[in-house]
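Shown next, in structure tokens, is the structure this report addresses.
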Amino acid sequence: MVERSSQYQPLTPAVYHILLALTNSEKHGYAIMKDVEAQTSGRFKMGPGTLYGSIKRMLAAGLIEEADERPDPELDDERRRYYRLTGGGRQAVGVESERLAQAVCIARQKRVLTST
Amino acid sequence: MKSNRWIELSRQFYASLLYLYPKEHRLEYGLLMLQAFTDQCRSAYQNGGIWALTVLWIRSLPDLGLNALREQVSSPRSSWGLLEAVPNAPLPWKGVAMVLVPGLIFFVSQIGQLSGQDWFYLMVYRAAYFLIIPVILVWAITRKFPIWGLVPLGLFFNTAWSYGYRLQYFYLDQSNPISSRLMDLVSQYPIAEKIVIIAGPLSLMAILIWFSAHRRQFSPWAWVWFGACLLLIAINMQYSLLVNLDNFYLKYYLANISPNDFYYYSGFLLLILLGTLLSRRHGRLAILLPLGYLLPTVLYERIEPPLFWISVIVLVYRVLIALVAPVWIVRSASDRAIKQASTIVVLTVIGIQVAMDAIVINPWRGLGQLYGYLSSDLISIAGFVLALSLYKSIVQKQPQSNYDFPKP
């Protein structure tokens with residue numbers, strides 16, 4: 001699984017942000033969308049088409065999986081599906097984050113990045 | 001927040017738009033997408049009323065449209081049919097639509113020619129550009145060249161190749177010191193002018209031959225037919241050669257050759273050599289590629305009564321060869337039927353070309369015209385035999401699933 005996930009580097013922005021959204025907890029589709037919006041301060045608003053297209057490919061690539069248990073079944077709509085990271089997905093988001101951090105570091109060295 | 005009329009309307013409309021997705025995607029994710037969109041609607045309406053809902057729609061429509069297109073293209077069930085020759089398989093509507101939609105644009109633009117308009121003579125309006133777009137699209141997405149793209153690619157190559165000639169020959173920029181110097185040289189030495197036109201195609205041909213020979217795609221018969229093609233082209237470039245053999249001198253020959261003819265036929269040969277790359281997937285059916293090169297790109301003498309009807313026949317023929325023939329060939333019921341269908345199509349193209357050349361060249365005016373007429377058609381025939389001998393010697397890739405899962 002780990003080897004399989006490494007072949008998808010670099011990840012698309014949608015896939016990367018979905019993986020980031022799932023890092024801490026299992027989430028359903030709309031919660032992922034809200035999380036991505038929050039991560040990017042509203043700059044990346046993902047629609048259902050992009051979200052479920054990406055989820056479909058990520059499931060096939062083994063980066064995420066459907067979660068059987070629900071955080072609180074009493075409060076939740078049973079039709080919702082929850083997703084969580086797999087080991088491969090966790091590694092993929094780590095590798096991609098390091099790649100981005102490295103790029104940011106280079107940008108700093110070259111004085112491209114003005115903000116801290 | 002409770003639902004209201006606007007949210008309910010949006011929900012219903014979004015649900016109907018989900019039919020743009022392939023059935024299997026809709027069944028798997030349709031409800032989830034609708035639920036997520038309804039949540040978005042509620043949130044938007046709560047925060048900004050009808051205005052925020054409108055903004056959400058403006059954002060959602062391209063998201064839905066582009067992703068529906070992507071899913072349609074990458075759906076394993078859609079398979080684009082026509083990517084491979086699959087006898088007896090039902091016609092998939094997407095594959096057929098990909099051929100027919102640009103084909104209809106192509107057809108309508110041709111009707112414009114018949115009505116006497118001459119804008120079509122301009123290179124930028126050529127039919128090849130309409131037809132090649134879906135081919136490139138499917139090629140880029142599936143990473144497999146569709147079989148129905150072979151004729152359009154041949155036609156496109158023909159158009160691009162003629163454009164190259166014009167660029168090279170007519171539009172050399174005089175203000176550019178290099179091309180200006182080149183033009184000075186060319187005007188001083190008439191033979192150099194021919195060499196400039198001939199050298200480019202010859203170098204490209206040499207590279208492709210080296211590549212094909214390196215991969216052992218050139219059988220002894222392929223070499224024979226390639227030599228025959230070159231010989232026929234060389235003779236065609238100066239067809240008074242055979243009429244006046246006693247006075248033949250190489251210098252005289254070079255000074256009087258027609259680089260235009262060489263350029264045209266060298267394009268045909270180059271395309272045949274390029275076909276070896278596609279024949280790994282499509283086998284002998286790669287012969288559809290040089291077929292596209294022989295399709296006429298513009299209609300001439302289209303307004304006068306007898307020639308008008310000939311133009312109409314040419315127009316219909318061109319549409320049949322470019323659009324219907326590939327579908328017919330790949331959907332034939334057996335390998336034998338596929339061979340029969342391709343033979344009929346190739347013979348039709350050669351037959352029509354022979355008939356059209358007879359009208360344009362008028363071979364009965366003299367021996368020179370007769371020879372020019374015969375040699376041009378002999379080149380086409382020799383070219384097709386060369387193509388067949390090249391393509392049949394190549395080990396074809398086994399047809400696989402038409403679907404490669406795109407990277408996330």
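Values quoted throughout were computed directly from the atomic coordinates according to the rules given, and no laboratory measurement underlies them. Just so you know, these numbers come straight off a predicted model, no measurement behind them. Here the Cβ is made from the backbone with ideal geometry for all residues, glycine too, and neighbour counts use every protein chain on show.
Can you compute the FRET efficiency between A:R99 and B:L202 using 1/(1 + (r/R0)^6), with r the Cβ-Cβ distance and R0 = 60 Å? Round to the nearest 0.05. Before the final figure, lay out each step's value.
Details: r = 47 Å, r/R0 = 0.78.
E between A:R99 and B:L202, to the nearest 0.05, is 0.80.
Please average, across the residues of A:50-61, the number of beta carbons from any other chain that are within 10 Å of each residue's own beta carbon, and give a whole number.
The per-residue average across the peptide is 5.
Ranked from highest to lowest mean number of other Cβ atoms within 10 Å per residue, what is the order of the peptides B:385-392, B:19-26?
By packing density, highest mean first, the sequence is B:385-392, B:19-26.
Taking K and R as +1 and D and E as -1, what net charge do the other residues with C-beta under 12 Å from the C-beta of B:S10 add up to?
Net of charged neighbours comes to +1.
Are any of the pairs A:K34/B:K144; A:K27/B:K23; A:K56/B:K144; A:K27/A:K110 more than 30 Å apart by Cα-Cα distance, and if so, which?
Result: A:K34/B:K144; A:K27/A:K110 exceed 30 Å.
In peptide B:26-37, how many Cβ atoms from other protein chains are near each Cβ within 10 Å, on average?
Mean partner-chain Cβ count within 10 Å for B:26-37: 5.
Please list, ordered by chain and number, the residues whose modelled amide H lies under 5 Å from the amide H of A:H28; skip anything fewer than 5 residues away on the same chain.
Long-range HN contacts for A:H28: A:Y83.
Using the Karplus curve 6.51 cos²θ - 1.76 cosθ + 1.60 with θ = phi - 60°, what ³J(HN,Hα) values do you get for each residue of segment B:148-161, in whole Hz, with x for Gly and Pro?
Couplings: 6, x, 5, 5, x, 5, x, 5, 5, 4, 4, 5, 5, 5 Hz.
For segment B:5-74, count the residues as N, evaluate 2.2 N^0.38 Å, and divide the Cα radius of gyration by that value, please. Mind showing how you got there, number by number?
On the way: Rg = 12.3 Å, N = 70, 2.2 N^0.38 = 11.1 Å.
After normalising by residue count via 2.2 N^0.38 Å, the value is 1.11.
What does the charge count around B:Y391 come to, taking other residues whose C-beta lies under 12 Å from its C-beta (Lys +1, Arg +1, Asp -1, Glu -1)?
Summing Lys/Arg as +1 and Asp/Glu as -1 gives +4.
Non-local amide H neighbours of A:L113 (under 5 Å, H modeled in plane, Pro and chain starts lacking H): which ones?
The list, which skips near neighbours in sequence, is A:R108.
Just report the Cα centroid separation between segment A:14-64 and segment B:1-76, whole Å.
For segment A:14-64 versus segment B:1-76, the Cα centre distance is 16 Å.
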